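Report on the structure given below.
The values are calculated or read from the model by the stated rules, or taken from the named source; none is laboratory data. From a predicted model like this one, the values you see are computed outputs, not experimental measurements. When we count neighbours, we look across all protein chains shown, and the Cβ atoms used for this are built from the backbone with ideal geometry, even at glycine.
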Amino acid sequence: MVISLRSGSRIFGVLLAAVSFTLPSLPAQQGSPAANHPVRTERSLAVGSAQLQVKLAEGHLDAGDSAIFEWVQRAAKAVSLYYGSFPLKQAQILVVPGEGRSGVSHGTTWGDMQGAPGFTRISVGEHTTSQELAADWMMTHELTHMAFPSLTRDHHWMEEGMATYIEPVARMQAGQLSREEFWKETIAGMPNGEPASGDEGLDRTHTWGRTYWGGALFYLVADISIRQQTGNRKGVEDAFRGIVAAGGTIDHDWPVEKVLEAGDRATGTPVLTRLYRKWSQSPETVDLDALWKDLGVQSIQGEIHFNESAKLAAVRRMMEQPSR
Ligand SMILES: [Zn+2]
């Protein structure tokens with residue numbers, strides 16, 4: 001089970017990072033996650049050859065049912081584009097209207113639940129507007145979780161990091177998030193993932209920043225390394241696709257070694273295994289300013305500037321495009 005705590009908004013956890021972070025306890029589920037949510041209406045969405053059963057629980061939604069179904073479809077499309085197809089043949093999404101509120105919140109995704117290999121429950125405030133749905137990241141984040149095996153608690157950062165890393169990339173590649181907006185958020189968010197003093201590596205430091213953004217930073221560095229080692233022919237999405245192709249979806253429990261091996265096999269590089277060995281056990285810092293400079297992207301007073309002759313500009317351009 002994976003829960004979205006990345007942040008409630010695009011403030012990037014300024015609020016959440018300030019409060020203590022505890023991982024949600026896994027067992028003691030009170031009945032099923034759909035309990036106490038009678039369904040008002042539902043629709044089956046086709047996403048390529050996959051079927052998404054979207055259920056709307058009782059309650060009012062200002063935006064209307066169609067806007068909700070379109071929102072799920074759009075998120076599923078971004079995930080499908082990133083992976084080449086939707087990672088599961090079947091999934092179920094339960095949308096629970098939140099009384100008197102607006103905005104998307106409380107996303108949680110389970111493997112093998114409610115009769116589906118992937119099940120997401122998410123709350124949409126009754127006053128949520130279509131514009132808020134169009135700008136939402138959480139639905140994409142949750143569906144991305146379906147494309148990764150369930151790991152043990154120590155490796156929870158690998159699950160949250162992948163969803164945090166992939167979600168904006170997938171939306172940018174699908175044309176749902178502008179390139180400028182993507183880099184603005186990435187440059188603002190990644191510093192949250194750097195180790196603080198006392199950090200003991202990603203497997204042993206379960207803070208909010210290290211779990212979500214530390215994990216995302218791990219995959220960003222992996223992405224760039226894979227591109228550098230393959231003459232820009234492969235990226236971390238090939239590793240992620242390889243993990244899914246090997247059967248690594250949320251309805252399967254895998255040991256971490258199997259994830260690293262399947263990912264590395266797909267790129268023909270040892271990048272994930274080597275990076276994991278270091279980052280899991282020690283506080284690895286990244287010189288982000290130097291990295292942005294190499295990629296040819298800079299945020300100056302909130303405005304994004306690109307430098308197409310930077311050392312790694314070609315790598316950045318490949319990251320911005322949908323892969324084959
Ligand atoms: Zn998550």
So, in the range 126-149, exactly how many residues are within 11 Å of the ligand (Cβ to nearest atom), of a type in the set (Ser, Thr, Tyr) and out of contact with any Lys or Arg (no Cβ under 7 Å at 6 or more places or on another chain)?
1
Which residues, counting only those in the range 150-166, are within 11 Å of the ligand (Cβ to nearest atom) and small (Gly, Ala, Ser)?
161, 163
Residue ranges of helices (runs of 4 or more DSSP H) in the range 92-203 with at least 2 members surrounded by fewer than 17 Cβ atoms within 10 Å (Cβ to Cβ) and polar (S, T, N, Q):
130-135
Please specify each residue of the range 263-312 satisfying the condition of being within 26 Å of residue 242 (Cα to Cα), among the small types (Gly, Ala, Ser) and without any contact (Cβ under 8 Å) to a residue 40 or more places away in the chain.
263, 266, 268
Can you name the helices (runs of 4 or more DSSP H) wholly within the range 226-312 that have at least 3 residues being loosely packed, with under 13 Cβ neighbours inside 10 Å, under 22 Å from the mean Cα position of the chain (by Cα) and of a type outside the set (Gly, Ala, Ser)?
none
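Just one of 17, 28 is modelled with pLDDT under 95 and in a helix (DSSP H, G or I); which is it?
17
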Hey, does the range 208-217 have a residue that's touching a strand residue (DSSP E or B) at 6+ places or on another chain (Cβ under 9 Å) and crowded, with 21+ Cβ neighbours inside 10 Å?
no
So residue 67 ticks every box in (1) assigned to a helix (DSSP H, G or I); (2) over 17 Å from residue 169 (Cα atoms); (3) out of contact with any Ser or Thr (no Cβ under 8 Å at 6 or more places or on another chain) but one. Which box is left unticked?
(3)
